[in-house]
Amino acid sequence: MFWNLPLIAVVVLTIIALAIIVFKKNLIKVFLGIVILESAVNLFLISLGYREGGIAPIYTNAPSTAMVLPTPQALTLTSIVIGVATSALLLSFAIIIWKKYGTIDIDRIRRLKE
Amino acid sequence: MIPSFIVENSPALMVIVPLVAAFITPFIGRISSGIRSLWVGGAMAVTSAITLILAFDVYSAGTRLYVFGARAASAAIPPDSGGIPIRIIFEVDPMSALMLVITAVSGFAIVLYSLSSERSHTGLESYYTLYLLMITGILGMVSTGDIFNFFVFLEILSLASAGLIAYRIDGGVAVEAALKYFVLSTIGALAILVAIGIYYGEYNALNMAMIAARMQFSLLDQVALVLIIAALAMKCGAVPMHFWTPDAYSMAPSSITALLVVASQASLYGLFRTVFSLYNVTLNAVTVGWLIIILGVLSMVVGVTMAIPQKNVKRLMAYHAVSQTGYMLLGVGVGLAVLGNQSLLDAFGYMAMEGGIFHIINHAMYKGLLFLTAGAIFLRIGTYNLNRMGGLGHSMKWTMVFFVIGALAIAGIPPFNGFASKLMIYESVFVFNPLLAVIAMVVSILTLASFVKVFHSIFMGPKLPEFADVKEAPMPMLLGMGILALVVVLFGLFPGIVVESLITPAAHALVDQGAYISAVLGGA
């Protein structure tokens, strides 16, 4: 029961993030929603890799050779790096939108339609 | 003639060359813009050459396996790993090789075109850096055999494309389009990452062949399948998720739009790879096949009906791109719906799939060509608005010829390549379900009607006074368009040879999941 806690947290975070992305009108808040969604996915990957009593695969002075494959951790690190690049690009878009339109309200960023 | 070192390491080289060249480009650009053009053109030429060498090798010698961090392909499964291929591998089968050919040809033609179409703009260092990164992303996506690696290349591609869509800020409008594209593709990519996590948790592997060998189609696998289909169908612009396509395609520079078409085809490849190579007969082929057919039919009909009233020529072409994607989904979807039933597959399933796959390469060529002609027109007259154009046929003769070739190909008129693939789709789909074939033909007629209108309003009529001093597009742009036009005409004149040598092996590679698995895992 207790070991399900990370997965429950993943579901809660995903729901919060999707609600923010769909309902918030402020561009920065939408980006925060995307960042929370990324965290939820990272937590999901990390909790997949957890093995009770497992040890890190460092061979020096290792108590035993029964080790945990560090693949999920590697995936998460990669995903965090990609997330940083994503956030940086999104925020730079927000800066240009603010400069050119004078607003970051999603309902008023609608020049494409005209 | 070609050193064996290059042939052996071509899968790694074709990704390394554009990746390294991309990050050197800004430094080269500080010397002079002429040397930068030479550098970028050279890097792209080398990349295309390596890619074509690899594709030729795959078509003549069969599936190529490239294992990173090992000397030989036989080291895909290390002896002490318990039978799990833990290294990252590239698995290039004929279907991947077809996508490689598309990327190599369009990538090279578009770089030639960009050298003169973008000459007068600032910020070209970032333009070419991102361009080469896009090429890296596409080449990696279509050749990787590791599903997490697929996600990484997908993200490289999305980041670079979003940057390039916003490249001409255009009063903020282009940034708005890029924002829409990028928010959607980030959410899509995260959905794919969740699916990857599910596979890893369930099968303890990230290697696509390994996952395919262990696939059980449990409830979790169905969730993962839905996440991947939704994300990749969005990325290739199929209809309920198509709304980013017209914005992004019309606001990006024309050269980038032509490459975005190739990028969407790479997502389409990912979709087919997932459905056929990961799941294959384990999934409920009829349900998923019909799902893809319905996506395809919706895309065809909605795309073409939205295209007809458009006033902006690139927006119009973008809606046609949505509509043409529908043909590929229809063709391959019919093949999927009869998967597992060998007699139906032989009767029309393979032919439908070949038609759909043939349409992928044809679409990349003629649609790229059409977007490039739109860019050439914009360069000379400065507008995309159809109502303000007219009489350009007098001054831009070659552009007009290329436009006509592209327009007739997209409408499926012989002897151009669109006819060859559409005919294969009509014939086979008619056997499967006549109604679908009729819809496909009607959409084709509407496409023709739409392009006749566009052709008339751009090129026909008397020479307008405001365009009196309009000149023909510069030579490198004509050369870039010429390469694509040549492919369109050649594929249309000799469809039999192309289908036999390129398309049939690709379709069989997709269907034959066993071969895909045993290439990595051995004779299992």
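Every read-out reported here was derived from the displayed coordinates using simple, explicitly stated rules and does not represent laboratory data. Being a predicted model, the structure only gives us computed values, none of them experimental. No Cβ is skipped: glycine too gets one built from the backbone with ideal geometry, and neighbour counts run over all protein chains shown.
Would you say B:ILE165 is over 19 Å from the mean Cα position of the chain (by Cα) and either within 18 Å of B:MET251 (Cβ to Cβ) or not aromatic (Phe, Trp, Tyr) (or both)?
Details: over 19 Å from the mean Cα position of the chain (by Cα): no; either within 18 Å of B:MET251 (Cβ to Cβ) or not aromatic (Phe, Trp, Tyr) (or both): yes.
So B:ILE165 does not fit the description; no.
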Quiz item: If you check every pair at least six apart or on different chains, which have Cβ atoms under 7 Å apart with a residue in the range B:327-342 that is part of a helix (DSSP H, G or I) first and a residue that is charged (D, E, K, R) second?
Solution: B:TYR327/B:LYS422
Quiz item: When the residues of the range B:168-179 are filtered to those that are more than 8 Å from every other protein chain (Cβ to nearest Cβ) and surrounded by fewer than 20 Cβ atoms within 10 Å (Cβ to Cβ), which remaining residue is nearest to the chain's Cα centre (by Cα)?
Solution: B:ARG168
Practice problem: Might you let me know whether the range B:153-160 holds any residue that is farther than 30 Å from B:ILE35 by Cα, more than 9 Å from chain A (Cβ to nearest Cβ) and touching a residue at least 12 places away in the same chain (Cβ under 8 Å)? | Solution: yes
Quiz item: What number of residues in the range B:78-126 are more than 20 Å from the chain's Cα centre (by Cα) and surrounded by 21 or more Cβ atoms within 10 Å (Cβ to Cβ)?
Solution: 6
Quiz item: Restricting the search to the range A:73-93, which residues are more than 8 Å from chain B (Cβ to nearest Cβ) and among the aliphatic types (A, V, I, L, M)?
Solution: A:ALA74, A:LEU77, A:ILE80, A:VAL81, A:VAL84, A:ALA88, A:LEU91
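Would you pick out the residues in the range B:385-414 that are out of contact with any Asp or Glu (no Cβ under 9 Å at 6 or more places or on another chain) and farther than 22 Å from B:SER323 by Cβ? Spell out the reasoning first.
Pass one, the range B:385-414, residues out of contact with any Asp or Glu (no Cβ under 9 Å at 6 or more places or on another chain): B:385-387, B:389-394, B:400-414.
Correct list: B:ASN387, B:MET389, B:GLY390, B:GLY391, B:LEU392, B:GLY393, B:HIS394, B:MET400, B:VAL401.
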Quiz item: Does at least one position in the range B:240-249 carry a residue that is in contact (Cβ under 8 Å) with a residue 12 or more places away in the chain, in contact with a Phe, Trp or Tyr (Cβ under 9 Å, 6 or more places away or on another chain) and over 22 Å from B:MET141 (Cα atoms)?
Solution: yes
Quiz item: What number of residues within the range B:356-375 satisfy the criterion of being touching a Leu at 6+ places or on another chain (Cβ under 8 Å) and of a type in the set (Gly, Ala, Ser)?
Solution: 2
Quiz item: Which one of these does A:GLY54 not meet: (1) under 30 Å from B:ASP80 (Cβ atoms); (2) within 9 Å of another protein chain (Cβ to nearest Cβ)?
Solution: (2)
Practice problem: Determine which single condition B:LEU13 fails, assuming it passes every other condition in (1) closer than 20 Å to B:ILE102 by Cβ; (2) hydrophobic (A, V, I, L, M, F, W, C); (3) loosely packed, with under 15 Cβ neighbours inside 10 Å. | Solution: (3)
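Tell me, please, whether a residue that is more than 30 Å from B:GLY349 (Cβ to Cβ) and in contact with a His (Cβ under 7 Å, 6 or more places away or on another chain) can be found in the range B:464-481. Give the steps one after another, and end with the answer.
Initially, the range B:464-481 is screened for residues more than 30 Å from B:GLY349 (Cβ to Cβ), giving B:464-481.
Subsequent filtering for residues that are in contact with a His (Cβ under 7 Å, 6 or more places away or on another chain) retains none.
No: the range B:464-481 contains no residue that is more than 30 Å from B:GLY349 (Cβ to Cβ) and in contact with a His (Cβ under 7 Å, 6 or more places away or on another chain).
Taking the condition of being more than 14 Å from chain A (Cβ to nearest Cβ) and not small (Gly, Ala, Ser), how many residues in the range B:196-216 meet it? Break it down into steps so the answer makes sense when it comes.
The first filter runs over the range B:196-216 and keeps only residues more than 14 Å from chain A (Cβ to nearest Cβ), leaving B:208-209, B:212-216.
Of the ones still in play, those that are also not small (Gly, Ala, Ser) are B:208, B:214-216.
Going through the range B:196-216 one residue at a time, the tally reaches 4.
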Quiz item: Can you pull out the residues in the range B:179-226 that are charged (D, E, K, R) and more than 22 Å from B:HIS242 (Cβ to Cβ)?
Solution: B:GLU202, B:ARG214, B:ASP221
Quiz item: Which residue, of B:LEU225, B:LEU193, B:LEU219, is at the interface with chain A (Cβ under 10 Å from one of its Cβ atoms), more than 23 Å from B:MET300 (Cβ to Cβ) and aliphatic (A, V, I, L, M)?
Solution: B:LEU193
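The rows are residues; the columns are (1) over 18 Å from B:HIS456 (Cβ atoms); (2) among the hydroxyl-bearing types (Ser, Thr, Tyr); (3) over 19 Å from the mean Cα position of the chain (by Cα).
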{"residue": "B:ASP346", "(1), (2), (3)": "yes, no, yes"}
{"residue": "B:HIS359", "(1), (2), (3)": "yes, no, no"}
{"residue": "B:GLY368", "(1), (2), (3)": "yes, no, no"}
{"residue": "B:GLY393", "(1), (2), (3)": "no, no, yes"}
{"residue": "B:LEU408", "(1), (2), (3)": "no, no, yes"}
{"residue": "B:GLY418", "(1), (2), (3)": "yes, no, no"}
{"residue": "B:GLU427", "(1), (2), (3)": "yes, no, yes"}
{"residue": "B:PHE430", "(1), (2), (3)": "yes, no, yes"}
Quiz prompt | Residue count for the range B:55-85, restricted to those that are in contact (Cβ under 8 Å) with a residue 60 or more places away in the chain, of a type in the set (A, V, I, L, M) and out of contact with any strand residue (DSSP E or B) (no Cβ under 8 Å at 6 or more places or on another chain) | solution = 1
Quiz item: Which condition number in (1) surrounded by 13 or more Cβ atoms within 10 Å (Cβ to Cβ); (2) free of Cβ contacts under 8 Å to residues at least 40 places away in the same chain; (3) not basic (Lys, Arg) is the one that B:ILE31 fails?
Solution: (1)
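Which helices (runs of 4 or more DSSP H) does the range B:189-305 wholly contain that include 1 or more residues that are among the hydroxyl-bearing types (Ser, Thr, Tyr) and surrounded by 23 or more Cβ atoms within 10 Å (Cβ to Cβ)? Full working, then the answer.
Values: elements: B:208-214, B:219-235, B:244-251, B:254-272.
Result: B:244-251, B:254-272.
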Practice problem: Give the residues of the range B:491-508 that are surrounded by fewer than 16 Cβ atoms within 10 Å (Cβ to Cβ) and touching a residue at least 12 places away in the same chain (Cβ under 8 Å), sorted by residue number. | Solution: B:LEU493, B:SER501
Quiz item: Is it fair to say B:SER428 is polar (S, T, N, Q) and under 22 Å from B:TYR366 (Cα atoms)?
Solution: no
Quiz item: Does B:LEU379 satisfy being in contact (Cβ under 8 Å) with a residue 60 or more places away in the chain and within 24 Å of the chain's Cα centre (by Cα)?
Solution: no
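Based on this model, can you work out whether B:PHE430 counts as aromatic (Phe, Trp, Tyr) and buried (at least 24 other Cβ atoms within 10 Å of the Cβ)? Explain how you work it out, then say what you get.
Numbers: aromatic (Phe, Trp, Tyr): yes; buried (at least 24 other Cβ atoms within 10 Å of the Cβ): no.
It is false that B:PHE430 is aromatic (Phe, Trp, Tyr) and buried (at least 24 other Cβ atoms within 10 Å of the Cβ).
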